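The values are calculated or read from the model by the stated rules, or taken from the named source; none is laboratory data. Please read these numbers as outputs of a predicted model, since none were measured by experiment. Using ideal geometry, Cβ is built from the backbone for each residue, glycine included, and neighbour counts are taken over all protein chains shown. The accessibility values were calculated without ligands, DNA or RNA, using every heavy atom of the protein model including side chains. Shrake-Rupley method; radii C 1.70, N 1.55, O 1.52, S 1.80 Å.
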Amino acid sequence: MKNNIRYILAFMCVLTVSACQKYVDIKKSGSQSFIETTKDVQLILDNYDLFNMDYPLDGEISADDYYMDDNRYNSDVILAEDKALYIWQATAIRAASTQWVAAYNKIYHCNLVLETLDKIQASNDPLVINNLRGSALFLRAYALWPLAQAYIKPYGTATLQEPGLPIHTKSDINDIPGRGTVKETYDAIIKDLTEAAGLLNATSSLSSRPNKAAAYAMLARVYLSMEDYSNALASADAALKIKSSLINFNTLNLGSYNPFPRFNQEVIFHSVIDFHNSVLEVGYGDEDKALIAPAIINAYAENDLRKQVYVKENLDVPEPSGTYRFVGNYEGAVASTALFNGLAVDELYLIRAECNARANQTAAAISDMNKLLVTRWADGTYPGFAASSAEDALAKILLERRKELLMRGLRWTDLRRLNKDNRFAKTLTRTINGNVYTLPANDPRYTLLIPQEVITNSKLPQNIR
């Protein structure tokens, strides 16, 4: 077997400005090794820095789980492009294509793995090959979906033929697909995840590795973003049949600034977004930039333990009094500059409950909410989830979703889909330096501008403003 580590180093490619045109810039050398065995493939898929980190945060910068005061916003540490996204400037655009690059780098390696498996499958255990193939398909879809939440319009009947994302299914650097459509983008994501669910092992030894439960959980998340609530319900149910354990918050250290262990029992697939020096930086003393929105803080009841384990009041100078920071990161490490955006059991209960409420299955929705929330309240104080109708249950579930999935990288997607419903549409407002900025529901700015380097070098059409 050739030197696998050398191969990995040779192929951990960096997408440069010129590479945006050719998908990826591969540095080749005479000493480069090749993927030849299933062990080599597993080494690639186990590259945590590649497949479990650096997922896009661009949309979340514009979301409303947090806010900044003037001092934070005016800080020289925060990038100008983050400031522009924060106040929803129509011309806000990434000066560098880091988020886009990281996603397509993941996709490139998935395609490379899939092509390799096609070549070596005949001489290997089909169960091993299937799990590896399923992992690559899962990771390819998992990398593409966050880009869809930021850079193409929300999925819906009126937007299906609007510009989508480039769908790369080959490792050939000369393969340069166009943008396609919104429908084609989501079709590709669903196809990969559905196939992955049929190939993957039910569980995995590490939550950084894909498995069948993760594929179903991601299908539930994707279908929810598409407002395909029947399929979201079926997918969440399939995932929960494999993994349904919840953390009892009464067992946590309520005073800790690091209450959740990394890879905790609720995590189905672990991934993170890197927020260092962005407006989303939270939870770590004087470097905090994000303050949690008062509407969320005020929504937690007195005996709801999430107000202790998800957030902490800022009591130290120079923090503004009466403000809160986020500490409920499932990434674990208190000094981490990464924010958990992976798949977890609590999200599945919320998806299933919401979809049941939308299907007028109120009792089933209430049952799921009780299973989740009893683990979140102080022992002996949980009053039970009550709803007078399916519509009442839905409104309450959506509020619990916001309180439960705080700073998980999902709020922007929720705003995009819920804004289509007049019952839940929301105009966002920020005040900075005495100026008031607003983002009405369904505004074109809910679709971000594609990084300029990508437009320049790939000749893709830009999103319309």
Considering only protein heavy atoms and a probe of 1.4 Å, how much of the accessible area of region 178-239 is carbon and sulfur, as a whole percent?
51 percent
Relative to the compact globular guide of 2.2 N^0.38 Å, what is the alpha carbon radius of gyration of region 288-414, as a ratio?
1.12
If N is the number of residues in region 91-195, what value comes out of its Cα radius of gyration divided by 2.2 N^0.38 Å?
1.17
Among chymotrypsin sites (Phe, Trp or Tyr not before Pro) in region 204-272, those in a DSSP loop whose Cβ has at most 16 other Cβ atoms within 10 Å are TYR257, PHE263
Accessible area of region 102-168 with a 1.4 Å probe: how many percent of it is carbon plus sulfur?
56 percent
Using only the Cα atoms, work out Rg/Rh for region 53-143, with Rh taken as the Kirkwood radius, to two decimals.
1.22
Could you state the accessible area per residue of the chain in Å², with a 1.4 Å probe and every protein chain left in place?
40 Å²
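If you place +1 on the Cβ of every Lys and Arg, -1 on the Cβ of every Asp and Glu, and leave all else neutral, what size is the dipole of the chain about its Cα centre, to the nearest 20 Debye?
In total the dipole reaches around 860 debye.
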Ranked highest first by the average count of other Cβ atoms within 10 Å around their residues, in what order do 99-105, 425-431, 310-316 fall?
99-105, 310-316, 425-431
Extending each Cα 7 Å along its Cβ direction at THR203 and ALA395, get the distance between those two points in nm, one decimal.
4.1 nm
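Quick one: compute the contact order of the chain, relative version, from alpha carbon pairs under 8 angstrom and 6+ residues apart, as a percent.
19 percent
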Report the label-to-label distance for ASP172 and ASP316 in nanometres (one decimal), using points 7 Å from each Cα along the Cα→Cβ vector.
5.6 nm
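Can you give the Kirkwood hydrodynamic radius of the chain from its Cα pairs, in Å with one decimal? Write out the running numbers ahead of the final one.
Working: mean 1/r = 0.0437 Å⁻¹.
Final number for the Kirkwood radius of the chain is 22.9 Å.
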With a point put 7 Å past each Cα toward its Cβ, work out how far SER245 is from THR91 in nm, to one decimal.
5.4 nm
Given 5 Å bins starting at zero, what is the percent of C-alpha pairs of region 360-446 in each, up to the one with the largest pair distance?
3, 12, 18, 18, 18, 13, 9, 6, 3, 1
Could you please state how large a percent of the accessible area of region 318-465 is carbon and sulfur, counting protein chains only and using a 1.4 Å probe?
53 percent
Rounded to 0.05, the calculated FRET efficiency for the beta carbons of GLN462 and SER230 at R₀ = 45 Å is 0.80
For q = 0.13 Å⁻¹, what log10 I(q)/I(0) does region 172-227 give under the Debye formula with an equal point scatterer on each alpha carbon and no solvent?
-0.43
In this model, which of LYS83/LYS212; LYS212/LYS426; LYS307/LYS396; LYS106/LYS183 are farther than 29 Å apart at the alpha-carbon?
LYS83/LYS212; LYS212/LYS426
Residues listed by number, region 68-103, amide nitrogen under 15 Å from ASN435 label point at 7 Å toward C-beta:
70-71, 73-75, 80-93
